[in-house]
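Engineer: My questions will all concern the structure given below.
The values are calculated or read from the model by the stated rules, or taken from the named source; none is laboratory data. These figures come from a predicted structure and were not determined experimentally. Positions of Cβ are backbone-derived with ideal geometry, glycine not excepted, and every protein chain shown enters the neighbour counts. Ligands, DNA and RNA are stripped out before the accessible areas are found, and what is left, the full protein with its side chains, is counted by its heavy atoms. Shrake-Rupley method; radii C 1.70, N 1.55, O 1.52, S 1.80 Å.
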Amino acid sequence: MTQQSNPKYTVPGLTVDQAGELIEILQMRLHALNDLHLTLKHVHWNVVGPHFIAVHEMIDPQVDQVRAMADDIAERAAALGGVSQGTPGALVAARTWQDYSVGRADAIAHLGALDVVYTGVLEDFRKAVDIAGGIDKVTEDLLIGQLRELEQFQWFVRAHLETAGGSLRTGSADTEAEAARKAVN
C-alpha cells in the first residue's frame with residue numbers, strides 16, 4: 001500500500017487493511033474519471049462536421065456527471081481514511097492507458113474513438129466492482145451506480161455509430177485512431 005492508501009483509521013466494520021485496498025481501487029477510478037472528463041471536454045472543443053451540434057451538446061452533460069462521479073469517489077476514499085490524489089502529475093504517473101489521440105476531427109470520428117475510451121473505462125470499473133464487492137458493499141454500490149451511468153453514456157455514443165443492421169461501424173477496433181477511421185468510412 002502507498003502512503004495515501006494506508007489509513008490510520010477507517011469506517012466501522014472494515015479493517016485499515018481492507019480500507020487501504022479500497023482506497024487504492026478508488027484512486028485508480030479517480031484517475032480514470034479525471035482523465036475521462038478532460039477527454040470529453042477535449043472532444044467537446046474539437047468536434048467538427050455536420051453532427052457538430054448534436055455531439056457538442058451531448059458531451060457537456062457527460063462532462064458534468066463524470067466530474068461529479070470523481071468527487072464522489074474522492075469523498076468515499078476520504079471517508080475510508082484515505083488521501084485522494086487529484087493532480088495532473090499523479091494521474092499521468094499512475095495511469096495505465098495512453099493519452100487521447102484524436103485532435104480536431106469529424107464528430108463521428110470522435111465518437112468512434114470515445115467508444116474505445118468508454119470500453120476501457122468500463123472494463124476497469126467492472127474489475128473494481130468485483131474486488132470492492134468482496135470487501136465492502138457501500139463502495140461496491142457507489143461503483144455500480146457509476147458503472148450504470150457510464151454504460152448509458154457509451155450507449156449514447158454507440159447510437160451514433162450503429163448501422164441499420166445493428167452492428168457498430170467501428171467493428172473490433174482496438175485503438176482510438178483505428179476506431180475514428182472506421183467510424184467515418
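Engineer: Which shape class applies to segment 39-89: rounded if a/c is under 1.5, otherwise prolate when a/b exceeds b/c and oblate if not, where a ≥ b ≥ c are the square roots of the Cα gyration tensor eigenvalues?
Structural biologist: oblate
Engineer: Right, here's the next one. Among the helices of the chain (complete DSSP H runs), which have Cα atoms covering no less than 24 Å along the helix axis and a Kyte-Doolittle mean of at least 0.0?
Structural biologist: Span-like helices here: 52-79, 107-133.
Engineer: Further question on the same structure: Within segment 109-185, what whole-number % of the accessible surface is contributed by carbon and sulfur, with the 1.4 Å probe and all protein chains included in the calculation?
Structural biologist: 51 percent
Engineer: Return the lysines within reach of LYS8: Cα separation strictly under 30 angstrom, same-chain partners fewer than 8 residues apart disregarded; answer none if there are no such residues.
Structural biologist: Straight-line reach from LYS8, under 30 Å: LYS127, LYS137.
Engineer: So what is the calculated 222 nm ellipticity per residue for the chain, using -39500 (n - 2.57) for each DSSP H run with n of 4 or more, over all residues, to the nearest 500 deg cm²/dmol?
Structural biologist: About -23500 deg cm²/dmol.
Engineer: So, for segment 55-185, what is the accessible surface per residue at a probe of 1.4 Å, expressed in square angstrom?
Structural biologist: 50 Å²
Engineer: Students often forget the sequence filter, so: which aspartates and glutamates lie under 18 Å Cα-Cα from LYS182 once same-chain residues fewer than 8 apart are removed?
Structural biologist: Those aspartates and glutamates meeting the cut-off are ASP106, ASP115, GLU162, ASP174.
Engineer: Run through all the Cα pairs of segment 11-108 and give the fraction in each 10 Å bin from 0, expressed as whole percent.
Structural biologist: Computed distribution, short to long bins: 16, 38, 27, 14, 5, 1.
Engineer: Which residues does the label zone of ILE131 cover in segment 11-34, counting backbone N under 17 Å from a point 7 Å along Cα→Cβ?
Structural biologist: Residues 15-34 fall inside that zone.
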